[in-house]
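Contents: one structure, followed by commentary.
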Amino acid sequence: MPVIAIANPKGGVGKSTLATNLAGALAWQGHAVMLGDLDRQQSARQWLGLRPPGLPAITGWEVRESTGQVRPPKGTTHVVVDTPAGLHGKKLQALLGLVDLILVPMQPSLFDIQATHAFLAELKEHPKAAKVRVGLVGMRVKDHTIAQERLQEFVATLPAPMVAAIRDTQNYVHLAAHGLTLWDVAPSRVERDLAQWEPLLAWLA
């Protein structure tokens with residue numbers, strides 16, 4: 001059962017957008033997907049509550065009444081975890097013991113670049129990280145801008161690959177407000193966005 005964490009200690013980089021849409025993509029592929037939310041804001045959990053019936057199911061944590069512990073529901077084949085900002089130290093170490101892949105969303109700004117560089121350096125220090133595949137995902141990237149060029153230059157110096165660049169569009173905002181993903185609407189509405197996800201899904205596979 002692959003466990004995929006969406007992680008970056010910096011807040012506001014698009015972790016929940018990436019997590020919810022990844023869960024939707026996997027569900028449409030026929031997988032039994034659980035979306036776990038470790039973030040204090042609980043954006044992904046709230047999104048799950050908005051998801052309309054009749055779409056491919058995405059479940060949340062199953063809570064044991066006796067202990068309060070959480071676990072994936074029985075039959076889950078894929079787990080996507082939305083992690084909190086400020087993920088460092090023991091919390092990061094505990095996460096690395098559970099996950100198989102980490103997607104690191106980042107925006108093309110100096111602050112995101114610095115935070116991502118520091119996060120990858122911290123990851124490298126953990127022995128468990130050697131068994132975890134790490135990929136970068138550019139979020140809210142605008143084509144043909146200086147920021148995009150700087151992001152590409154920076155990524156070229158890192159040990160982790162850039163597996164996708166997600167454009168800056170209101171499609172994600174409108175869909176999230178209704179508990180939807182790119183895969184839940186007519187492809188003609190989001191054709192360009194779906195194309196940007198193809199290399200990311202190929203990398204995961």
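The values are calculated or read from the model by the stated rules, or taken from the named source; none is laboratory data. All values reported here derive from a predicted model rather than from experimental measurement. Quick reminder, even Gly has a Cβ in these numbers, built from the backbone with ideal geometry, and neighbours come from all protein chains shown.
The single condition among (1) on the phi < 0 side of the Ramachandran plot; (2) touching a helix residue (DSSP H, G or I) at 6+ places or on another chain (Cβ under 9 Å); (3) at pLDDT below 90 that Gly89 does not satisfy is (1).
Restricting attention to the range 66-77, does a residue exist that is within 26 Å of Pro187 (Cα to Cα) and modelled with pLDDT of 90 or more? Within the range 66-77, one or more residues are within 26 Å of Pro187 (Cα to Cα) and modelled with pLDDT of 90 or more. Arg45 meets each of the listed conditions (1) without any contact (Cβ under 8 Å) to a residue 40 or more places away in the chain; (2) in contact with a Pro (Cβ under 6 Å, 6 or more places away or on another chain) apart from (2). Total residues in the range 194-205 satisfying the condition of being at pLDDT 95 or above and out of contact with any strand residue (DSSP E or B) (no Cβ under 7 Å at 6 or more places or on another chain): the figure is 5.
Take Val155 and decide whether it is closer than 30 Å to Leu48 by Cα and of a type in the set (Val, Ile, Thr). Spelling it out, it is not the case that Val155 is closer than 30 Å to Leu48 by Cα and of a type in the set (Val, Ile, Thr). Output yes when any residue across the range 43-50 is of a type in the set (Ser, Thr, Tyr), modelled with pLDDT under 90 and either closer than 19 Å to Leu136 by Cβ or surrounded by 13 or more Cβ atoms within 10 Å (Cβ to Cβ) (or both), and no when none is. Yes, the conditions are met somewhere in the range 43-50.
Looking only at residues of the range 142-164 that are in contact with a Pro (Cβ under 6 Å, 6 or more places away or on another chain), modelled with pLDDT under 90 and among the hydrophobic types (A, V, I, L, M, F, W, C), we find that the one that is farthest from Leu101 (Cα to Cα) is Ala147. Restricting attention to the range 30-59, the residues that are under 15 Å from the mean Cα position of the chain (by Cα) and charged (D, E, K, R) add up to 3. Does Gly179 meet the test of being in contact with a Pro (Cβ under 8 Å, 6 or more places away or on another chain), surrounded by 15 or more Cβ atoms within 10 Å (Cβ to Cβ) and modelled with pLDDT of 95 or more? In short, yes. Hey, could you check the range 148-165 for residues that are touching a residue at least 40 places away in the same chain (Cβ under 8 Å) and surrounded by 17 or more Cβ atoms within 10 Å (Cβ to Cβ) and say which is nearest to the chain's Cα centre (by Cα)? Looking at the filtered set, the residue picked out is Val163.
Identify the residue in the range 92-101 that is crowded, with 16+ Cβ neighbours inside 10 Å and either in contact with a Lys or Arg (Cβ under 7 Å, 6 or more places away or on another chain) or hydroxyl-bearing (Ser, Thr, Tyr) (or both) and, among all such residues, is modelled with the highest pLDDT. Step by step, filter the range 92-101, then rank; the result is Leu101. Identify the residue in the range 176-205 that is touching a Leu at 6+ places or on another chain (Cβ under 9 Å) and without any contact (Cβ under 8 Å) to a residue 60 or more places away in the chain and, among all such residues, is nearest to Leu55 (Cα to Cα). Looking at the filtered set, the residue picked out is Val185.
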